[in-house]
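J.: I am attaching a structure below and will ask some questions about it afterwards.
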Amino acid sequence: MKKICVILGVVLALCAFGADKGEKMQIQLSLNDEKTIAQLENNPATRDFYELLPLNLKFSDYVGKEKISHELKKRLNTSGLSGYAPQVGDLFYFAPCGNLGIFYDKQPFHSGLVRFGNVGTNFLAKIKAQKDDFEIKFEKVVK
């Protein structure tokens with residue numbers, strides 16, 4: 001009986017502290033005629049970002065490895081987050097500068113990075129091909 005109570009307690013705790021009551025934060029990114037859907041990670045920064053949508057943000061190339069935007073109007077909450085080793089195609093937030101970006105080449109771990117999700121290979125190819133500044137529209141996907 002004691003084991004059942006412990007297991008029940010763990011299950012109830014997991015339900016109580018679940019990810020926004022099971023809601024998934026999906027967003028659509030649009031660049032000209034190319035669109036993609038991204039599933040956002042569940043963390044304080046992505047929840048802040050999601051509440052700002054819809055947004056049109058201008059991006060430019062940075063160091064030949066990522067496209068970044070300096071246009072977020074506020075800093076996002078990164079409490080409890082400690083960085084990660086990014087992958088090609090990752091949508092990310094760089095907390096020290098308040099930038100939103102997309103990696104199109106490998107980069108090392110950085111404690112100020114927050115992973116938002118991944119944009120997919122087709123959309124990534126379109127972004128990487130942009131030589132000049134360009135705009136991406138971010139919208140919530142409502143089901």
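J.: What tally of residues in the stretch 19-46 results from selecting those that are farther than 23 Å from ALA129 by Cα, open to solvent by less than 80 Å² (accessible area, probe 1.4 Å) and among the charged types (D, E, K, R)?
T.: 2
J.: List the pairs whose first member sits in the stretch 114-135 and is on the phi > 0 side of the Ramachandran plot, whose second member is open to solvent by 60 Å² or more (accessible area, probe 1.4 Å), and whose Cβ atoms are under 7 Å apart, counting only residues at least 6 apart or on separate chains?
T.: GLY117/GLN39; GLY117/GLU41
J.: Filter the stretch 47-83 down to the residues that are closer than 18 Å to LEU31 by Cβ and part of a loop (DSSP other than H, G, I, E, B), then identify the one that is most open to solvent (accessible area, probe 1.4 Å).
T.: Residue satisfying both the conditions and the ranking: HIS70.
J.: Something else now. What's the number of the condition LYS58 fails, among (1) within 14 Å of the chain's Cα centre (by Cα); (2) in contact (Cβ under 8 Å) with a residue 24 or more places away in the chain; (3) more than 12 Å from PHE116 (Cβ to Cβ)?
T.: So LYS58 meets the others, but not (1).
J.: At pLDDT 95 or above, among the acidic types (Asp, Glu) and under 20 Å from the mean Cα position of the chain (by Cα): is that true of ASP20 in this structure?
T.: No.
J.: Now for a separate question. Working only within the stretch 130-143, note down all residues that are open to solvent by 60 Å² or more (accessible area, probe 1.4 Å) and over 18 Å from THR46 (Cβ atoms).
T.: Result: LYS131, ASP132, ASP133, GLU135.
J.: Shifting gears a bit: For a quick check of your reading: which strands (runs of 3 or more DSSP E) sit entirely within the stretch 97-143 and have at least 2 residues that are touching a Pro at 6+ places or on another chain (Cβ under 9 Å)?
T.: Because the criterion is at least 2 residues that are touching a Pro at 6+ places or on another chain (Cβ under 9 Å), the strands (runs of 3 or more DSSP E) in the stretch 97-143 that meet it are 113-118, 134-140.
J.: Any idea which residue in the stretch 109-124 is farthest from LEU29 (Cα to Cα), counting only those that are open to solvent by less than 30 Å² (accessible area, probe 1.4 Å) and hydrophobic (A, V, I, L, M, F, W, C)?
T.: LEU113
J.: I would also like to ask the following. How many of the residues in the stretch 84-108 are open to solvent by 10 Å² or more (accessible area, probe 1.4 Å) and in contact with a Gly (Cβ under 6 Å, 6 or more places away or on another chain)?
T.: 3
The values are calculated or read from the model by the stated rules, or taken from the named source; none is laboratory data. As the structure is a prediction and not an experimental result, all values here were calculated from the model. For neighbour counting, all protein chains shown are included, and Cβ atoms are generated from backbone atoms with ideal geometry for every residue, glycine included. These area figures cover heavy atoms from the full protein model, side chains too; ligands, DNA and RNA do not enter into them. Shrake-Rupley method; radii C 1.70, N 1.55, O 1.52, S 1.80 Å.
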